[in-house]
Amino acid sequence: MDMNTTQQDSLGKHSFNVARKGWKRLCVLMTFVLIGAAISIPMANAVCTTPPGGDTSTAIWDAHMNEIASMGEIEPVDFQIGDQEIYRVRKRSDRRTRDSVLGHLRAIAPRIEEFQRYFPTAAEREEALERVESGDEEELKYVPTPPDRPVLLVESDLDLLGSTLAFTTCAEKGEMHDLNSFVEVDEDGEEIRRSVPLPESLCIVAVRSHTIDSAEEMRFVLAHEWVHTMQNGSYDFTAKPLWWQEGSAEWGAHKVIEGSDIRDHKIEQFYNRQPECSLTQHSYDAQPFFFWGEQEYGTDWGISLGMGGPEYLKYPRRAAEILPPAQWLEWAIAQGNQSITMPDGRPLPHQAEFEPMDIVGSCEGNIEGPPLSVQLREVTFPEGAASPLTINPNGAQLAYRYVIDPNGSGEPSKWAPVIETTELEPPSGPMQIVAIMPSGDDLNATLSLDNSGGLNCACHIGTWMEQATADDEAEDTFDGALEALEKYRSMVPPEQLAELDKAKQMIQSSDTKDRFRFRGAAEQIFEMGGEGEVTYDNDGPIVTFKPGGSFIIEDPHTLTDGKSTVNYNTYIHSGDWVIEDGVLKIDLQHFTYKGTVEGPVSDGPQNFGGDNKHSSYVGGGGQWVVSCEDSGVTLIPADERERGPGKDAVLIAR
């Protein structure tokens with residue numbers, strides 16, 4: 001006979017359901033790695049679908065049942081948890097030693113009982129059944145009962161399950177556990193009858209103490225497994241959806257063991273996997289959903305989720321019915337606010353983060369994701385974008401806020417819901433968006449700006465700094481000219497030597513190895529006699545392409561010859577740009593400058609300034625083919641005859 005398993009990672013501690021063919025149907029909730037068959041899901045991996053169940057030999061199951069049966073007498077203990085009777089069986093070699101596992105269970109029993117009180121009482125169950133029978137609650141498929149299953153606590157030493165911590169296996173309600181089919185035999189092969197027969201509806205909690213590192217971990221494991229016995233006692237259905245089954249068991253364990261941090265990695269895993277995974281595709285890591293639900297609606301809300309039955313929880317289209325759409329949005333906003341806490345009120349050790357998103361390059365962006373997954377985006381818009389921003393949720397629940405409140409509070413603005421296509425003015429700064437699709441459909445919300453004529457969104461829009469481009473062919477261009485000038489000096493009349501020296505100065509000041517296409521020939525323009533010096537404020541000119549078709553070049557600099565200094569603190573060329581037939585055409589129309597000048601007789605720095613419309617500009621304007629990459633923008637001369645080394649304009653993000 002085969003054992004069917006469904007495995008889900010818990011950092012090496014998995015859970016599966018087991019059903020043996022020909023046997024009574026069992027619900028087995030295990031936390032272990034099946035050696036040779038386990039599929040490991042790393043903590044940050046975005047694998048979402050629960051690995052399919054695989055067939056394996058019944059030898060593992062039989063070995064565990066035989067191990068328990070061979071331990072000998074099963075005895076009731078001297079306490080119970082609520083209506084749950086507790087039985088204990090230990091290896092003969094351990095019976096004279098202190099029972100630390102039972103001691104840990106006894107210590108947390110009062111906290112478990114507090115959690116049990118949130119389950120319906122027997123009287124409440126009867127009332128609910130009457131309402132179902134009268135047709136008042138047609139959708140209520142499973143009426144929970146108070147946790148009342150008897151539990152057999154055992155310890156297993158078998159090394160068939162890797163780093164397994166513990167597992168829980170329960171018989172069907174009102175039936176005998178499969179352990180009843182395994183008996184202890186004496187040396188003659190005769191069956192040894194139990195003095196205490198197994199009770200009906202039994203759950204077995206098997207703990208592998210040698211895999212547990214601390215008293216805190218032991219208590220957390222016991223609390224987690226005990227929640228499984230309570231789940232079985234209340235809902236009595238098999239093949240439970242793992243996100244509810246394990247997520248709520250983790251939540252319950254945190255309720256019992258306050259202050260624990262041993263499952264912090266699972267909370268981190270939830271937020272790492274959430275962008276690609278529907279809520280129903282999580283497992284142990286789904287616990288933040290239950291933390292939030294308790295904060296919003298109370299402890300009994302998380303317990304009540306099982307009333308709809310497994311089909312109600314397994315598929316996103318049915319699980320979406322757990323909450324009205326607006327409340328699913330509240331779940332998303334809580335993640336955006338990072339306001340979800342641990343059940344004991346501590347901040348979560350990990351929180352959801354906003355993923356950067358920009359719509360600069362195409363004027364359009366999409367927020368996509370699986371159903372019931374919360375998507376968080378921080379959206380950046382083109383600088384100075386003025387066209388309306390259109391948000392189309394396409395059926396999703398979405399809310400936005402401005403990172404900096406435009407009303408001047410200095411804090412983020414309040415969340416504003418968007419449930420239908422909405423137009424907004426693009427903010428001057430980033431906008432944060434949370435979105436969730438509360439149905440079985442994938443999320444696909446769109447954000448778009450008007451891009452008529454290609455003037456609002458293009459990959460070159462933004463502020464850049466030009467890098468110098470090497471022009472290898474020009475490295476030695478002027479060496480011969482300088483040599484010729486020196487030879488020519490002997491032939492020049494004395495009254496023309498000044499002009500000759502000026503020509504030599506201009507040649508020496510020209511940098512022909514590194515060329516900028518958007519920086520003027522300042523060294524040559526500044527002719528004060530002697531060898532002048534130019535110092536730029538930036539390594540390259542600052543080039544800004546604005547939405548709507550305007551363009552500016554900023555290149556402040558200082559010129560000095562040692563006696564006089566000119567400081568251009570404002571040095572701006574501006575104009576328009578347009579894209580026609582795939583060619584970027586730049587028309588520089590305006591030159592603005594402001595600064596100070598100081599010389600030997602100026603009595604301190606003197607302010608000056610001015611502007612000149614339609615001025616010529618050395619190296620500016622032109623027609624270009626735009627090439628955009630992640631590292632920046634390259635402008636290539638549109639005229640192929642003008643292309644070559646040092647002819648491109650290379651722009652990098654500033």
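The values are calculated or read from the model by the stated rules, or taken from the named source; none is laboratory data. The model shown is predicted, which means the values in this text are computed figures rather than measured ones. Counting neighbours? That spans all protein chains shown, and the Cβs are built from the backbone with ideal geometry, glycine included.
Just a few scattered comments:
- A search for C-beta distances below 8 Å between a residue of the stretch 326-346 that is of a type in the set (Asp, Glu) and any residue that is buried (at least 18 other Cβ atoms within 10 Å of the Cβ), counting only pairs 6+ apart in sequence or on different chains, returns ASP344/HIS254.
- Selection from the stretch 185-200 of residues that are among the basic types (Lys, Arg) and either outside any loop (DSSP other than H, G, I, E, B) or surrounded by fewer than 10 Cβ atoms within 10 Å (Cβ to Cβ) (or both): ARG193
- Residue, nearest to PRO147 (Cα to Cα), within the stretch 82-113, restricted to residues that are in a helix (DSSP H, G or I) and of a type in the set (Lys, Arg): ARG111
- Out of ILE553, ILE542, ILE525, ILE507, one residue alone is loosely packed, with under 15 Cβ neighbours inside 10 Å and either over 53 Å from the mean Cα position of the chain (by Cα) or modelled with pLDDT of 90 or more (or both). It is ILE525.
- Sole residue being surrounded by 14 or more Cβ atoms within 10 Å (Cβ to Cβ), of a type in the set (Val, Ile, Thr) and touching a Leu at 6+ places or on another chain (Cβ under 9 Å), chosen from VAL597, VAL578: VAL578
- Subset of the stretch 95-110 [surrounded by 15 or more Cβ atoms within 10 Å (Cβ to Cβ) and not β-branched (Val, Ile, Thr)]: ASP99, LEU102, HIS104, LEU105, ARG106, ALA109
- Only a single item in (1) touching a residue at least 40 places away in the same chain (Cβ under 8 Å); (2) part of a helix (DSSP H, G or I); (3) of a type in the set (Lys, Arg) is not met by ARG131, and it is number (1).
- Wholly within the stretch 212-305, helices (runs of 4 or more DSSP H) carrying at least 3 residues that are at pLDDT below 95: 215-235, 242-256, 299-304
- Taken as a whole, the condition of being of a type outside the set (S, T, N, Q), buried (at least 16 other Cβ atoms within 10 Å of the Cβ), more than 28 Å from THR299 (Cα to Cα) and modelled with pLDDT of 95 or more applies to ARG88.
- Count of residues meeting criterion [in a loop (DSSP other than H, G, I, E, B), touching a residue at least 12 places away in the same chain (Cβ under 8 Å) and among the polar types (S, T, N, Q)] in the stretch 391-450: 5
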